Amino acid sequence: MAEATKAKEVKARKVADPLEASIEPATQQMQARAIELDIETVFDRAVTMKPCAIGMQGICCKICAMGPCRLPLPKGGIQGEDTRKGICGATANTIAARNWVRMIAGGAAAHSDHGRGVAETFLAAARKQAPDYSVKDPARLIQIAPYFDVATTVEEDGVTKDRDIDEIALEVAETAIREWGKPELTAKYLKRAPKPLQEKWKKQGVEPRAVDREIVECMHRTLMGVDQDYKNLMKQGARTALADGWCGSMIGTDLQDVMFGSPSPLQAESNLGVMKEDHVNIIVHGHEPLLSEMIIAAAQSQEMIDYAVEKGAKGIQLAGICCTANEMLQRHGVPPAGNFLQQEFAIITGACEAMVVDVQCIMQNLANVAKCFHTKLITTHKIAKMEQDNVIHIEFNEHYASEDARRIVKMAIDNYENRGAEVMIPRHKGTQVAGFGVESIKYHLGGSFRGNWYTLNDNIINGRIRGVAGVVGCNNARTKHNEEHITLIKELLKNDVLVVVTGCSAIAAGVHGLLTPESAAVYCGPGLAEVCETVGIPPVLHVGSCVDNSRILLALTEMVNAGGLGDDISDLPGAGSAPEWMSEKAIAIGQYFVSSGVYTVFGYHLPIEGAPVFKDHLYKDMEEMYGGMWDCEPDPIKHAHLMIAHIDKKRKALGIDKARDRVLMDMADRQALGIE
Ligand code: MSK
């Protein structure tokens with residue numbers, strides 16, 4: 001890093017210190033490399049541009065042309081009545097709540113539009129109009145069909161017979177797609193939640209209807225002069241977030257599993273070091289596996305491998321960034337090259353022949369970085385283009401998917417000969433075991449009761465496992481890359497908390513060596529280590545991408561159904577976290593976890609500090625309403641202990657706060673707990 005410091009001194013431009021930017025060595029090395037080559041990165045821009053203090057507090061209103069109105073907190077806080085108001089009279093609570101609800105709408109729209117794309121492709125496949133897509137996991141289709149009220153068997157001459165899988169697929173596809181725009185009734189998947197939770201939603205009047213309707217209503221209600229009651233606004237916020245988690249995202253995950261296969265554990269490498277100097281390197285970045293599945297098939301075809309060899313390479317190295325990385329990893333073992341803040345560095349290696357992007361979390365600065373190298377930056381989605389003239393747009397069409405993918409892979413191979421001499425691929429890479437879907441977790445934790453979650457519950461009840469935590473979400477250039485994720489997760493493990501991860505948090509955990517069974521002995525408290533070693537799982541389970549947070553909702557529901565830990569998700573000794581969040585999608589996810597009963601702690605900051613009454617609504621009232629509530633703590637150790645304290649509170653409420661000896665349960669005990 002001496003080189004980095006030297007480079008920092010000789011450049012006039014304000015740059016980020018590599019050691020301050022990230023805790024991760026490959027990222028530090030590439031930030032130093034960027035400084036050396038005088039290429040600006042996200043870390044440099046974060047150093048240069050300070051965030052707006054009023055916007056950070058959530059009390060800037062710019063929804064009409066009389067503003068923007070800014071309502072800073074008076075020095076010394078609010079004494080007596082809060083008299084702050086915008087030109088129209090909107091209070092700080094209304095402004096902060098409208099901003100919050102619009103963030104939920106943005107996040108829910110992103111996940112759910114992703115889900116809609118999957119549902120549309122599945123419908124085209126079911127109609128035999130998309131020959132490159134098919135049902136790869138019929139068992140998964142049969143599992144979800146009843147939730148769409150689609151029969152999987154038929155009575156013929158008094159005999160029950162299995163229905164044709166193509167017929168089931170078509171009916172599921174036609175029903176699923178209507179979940180986005182049906183004019184009446186509530187989302188079909190709500191019935192998957194524990195009964196008491198469904199009752200809470202009904203009581204609060206927040207059962208989501210169709211996904212699109214909820215998002216539209218958010219935008220209507222938050223318009224100037226419509227809903228001006230923060231509590232009523234947050235009903236719509238909760239309803240929309242639930243439409244995301246229990247409908248748009250959940251259907252997206254399910255249909256991806258049906259079309260591409262449900263994940264099961266597999267081993268892979270991770271980090272920028274997976275790129276290979278003597279290979280054609282193709283990086284796929286974004287979110288939708290509709291694209292990446294086809295790119296994988298093309299890149300692994302003998303024809304393309306032979307073509308790469310003909311062009312002087314030893315082969316094709318495919319890798320992912322962000323949630324596309326998670327999608328490719330969990331089903332194929334294709335390695336992630338990095339998470340959100342590492343995207344520019346994949347190009348700065350000088351060895352990236354093509355970066356192929358679709359939607360979400362793609363920095364526009366990639367185009368500027370790509371100009372410094374031979375890298376072809378290829379956008380593929382009709383809703384996500386870039387204005388820079390070096391960006392190539394190859395629109396991906398599900399009807400000709402494989403053709404489009406082959407064209408992209410061939411373009412990357414043809415670009416190999418244009419690679420410059422300035423190649424520097426960091427050597428750092430980690431090994432990981434990823435791909436834990438709900439079914440595979442059930443299998444691995446099942447012990448002698450294969451196919452039942454009770455072994456997990458039993459180990460929570462006997463105290464070996466203190467509780468469970470979901471750690472999810474992004475990186476944020478305002479916090480040190482990966483530091484909060486990793487410090488937090490290690491603290492949870494030390495305290496015997498089993499962790500599940502998704503999104504960029506999952507990639508961070510993989511890069512830092514937390515996704516291996518061996519890491520249990522290194523990082524876990526004795527109880528958790530014993531369980532992980534006995535069943536052979538990592539103490540941190542990779543459960544997928546951003547839309548796959550819906551898997552966590554279902555895993556929690558499985559735990560409730562397994563018995564012994566209360567009747568609802570809010571009874572479980574569990575908590576959620578997004579320590580380095582940055583995207584509106586994280587707020588939508590956070591809100592659907594809170595509204596599903598999960599205590600959810602965010603790091604960095606939440607844009608609500610300028611409206612203390614609204615903040616109390618999120619932090620306190622919601623616990624009464626849903627059993628879950630928001631919290632925020634930037635310090636990762638304190639953050640972990642907030643979660644642990646909540647877990648302990650739930651253990652106490654369940655009467656399992658005292659360590660007990662393991663009791664072998666007989667059938668009568670199990671029946672008493674409602675386990676069949
Ligand atoms: S990619 S939303 S930076 S997790 Fe899903 Fe990562 Fe956050 Fe994007």
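The values are calculated or read from the model by the stated rules, or taken from the named source; none is laboratory data. These numbers come from a predicted model, not from an experiment. Neighbour counts are summed over all protein chains in view; Cβ atoms, including those assigned to glycine, are modelled from backbone coordinates with ideal geometry. For the accessible areas, the whole protein counts, side chains as well, though only heavy atoms, and no ligand, DNA or RNA atoms are used. Shrake-Rupley method; radii C 1.70, N 1.55, O 1.52, S 1.80 Å.
Things to note:
- Scanning segment 533-553 for residues that are crowded, with 24+ Cβ neighbours inside 10 Å and away from the ligand (no atom under 16 Å from the Cβ) returns P538, P539, L541, L553.
- Note on segment 508-522: among residues that are open to solvent by 10 Å² or more (accessible area, probe 1.4 Å) and aliphatic (A, V, I, L, M), the one that is nearest to the ligand (Cβ to nearest atom) is V511.
- Test for R221: is it open to solvent by less than 30 Å² (accessible area, probe 1.4 Å) and in contact with a helix residue (DSSP H, G or I) (Cβ under 6 Å, 6 or more places away or on another chain): no
- Residue match in segment 476-486 (condition: in a helix (DSSP H, G or I), modelled with pLDDT of 95 or more and within 30 Å of T379 (Cβ to Cβ)): yes
- Some residue of segment 438-449 being β-branched (V, I, T), away from the ligand (no atom under 16 Å from the Cβ) and not assigned by TED's automatic domain parsing to the domain that holds W581: no
- Residue in segment 149-164 that is more than 20 Å from H111 (Cα to Cα), assigned to a strand (DSSP E or B), assigned by TED's automatic domain parsing to the domain that holds A108 and open to solvent by less than 60 Å² (accessible area, probe 1.4 Å) present: yes
- Candidates T600, T557, filtered to the one that is β-branched (V, I, T) and either open to solvent by 20 Å² or more (accessible area, probe 1.4 Å) or away from the ligand (no atom under 16 Å from the Cβ) (or both): T557
- Under the condition of being within 18 Å of the chain's Cα centre (by Cα) and not in a helix (DSSP H, G or I), the residues counted in segment 222-262 number 1.
- Restricting segment 487-507 to residues that are out of contact with any strand residue (DSSP E or B) (no Cβ under 8 Å at 6 or more places or on another chain) and within 15 Å of the ligand (Cβ to nearest atom) leaves a set whose member that is nearest to E24 (Cα to Cα) is C504.
- Strands (runs of 3 or more DSSP E) wholly inside segment 263-371 containing at least 3 residues that are touching a Pro at 6+ places or on another chain (Cβ under 6 Å) and crowded, with 24+ Cβ neighbours inside 10 Å: none
- Scan of segment 576-597 for residues that are over 22 Å from E483 (Cβ atoms), within 16 Å of the ligand (Cβ to nearest atom) and either modelled with pLDDT under 95 or not acidic (D, E) (or both), ordered by number: A588, Q591, Y592, F593
- Sole exception among (1) in contact with a Ser or Thr (Cβ under 6 Å, 6 or more places away or on another chain); (2) farther than 24 Å from P612 by Cα for E217, by number: (1)
- I35 satisfies every condition listed in (1) open to solvent by 30 Å² or more (accessible area, probe 1.4 Å); (2) in a helix (DSSP H, G or I) except (1).
- Long-range neighbours under 7 Å by Cβ, at least six apart or interchain, first residue of a type in the set (S, T, Y) within segment 89-109, second part of a helix (DSSP H, G or I): T94/Y230
- Residue match in segment 463-474 (condition: in the same structural domain as L642 (by TED's automatic domain parsing), in contact with a His (Cβ under 8 Å, 6 or more places away or on another chain), within 16 Å of the ligand (Cβ to nearest atom) and modelled with pLDDT of 95 or more): yes
- Meeting the requirement of 3 or more residues that are over 26 Å from W201 (Cβ atoms) and of a type outside the set (S, T, Y), the helices (runs of 4 or more DSSP H) wholly within segment 611-661 are 636-654.
- Among residues that are within 15 Å of the ligand (Cβ to nearest atom) and either in contact (Cβ under 8 Å) with a residue 40 or more places away in the chain or in contact with a Cys (Cβ under 7 Å, 6 or more places away or on another chain) (or both), S570 is not included.
- Some residue of segment 118-136 being touching a Lys or Arg at 6+ places or on another chain (Cβ under 8 Å), touching a residue at least 60 places away in the same chain (Cβ under 8 Å) and outside any loop (DSSP other than H, G, I, E, B): no
- Enumeration of residues in segment 330-343 that are within 15 Å of the ligand (Cβ to nearest atom) and over 14 Å from the mean Cα position of the chain (by Cα): P336, A337, G338, L341, Q342, Q343
- Index of the failed condition, V433 passing every other in (1) within 19 Å of the chain's Cα centre (by Cα); (2) buried (at least 24 other Cβ atoms within 10 Å of the Cβ): (2)
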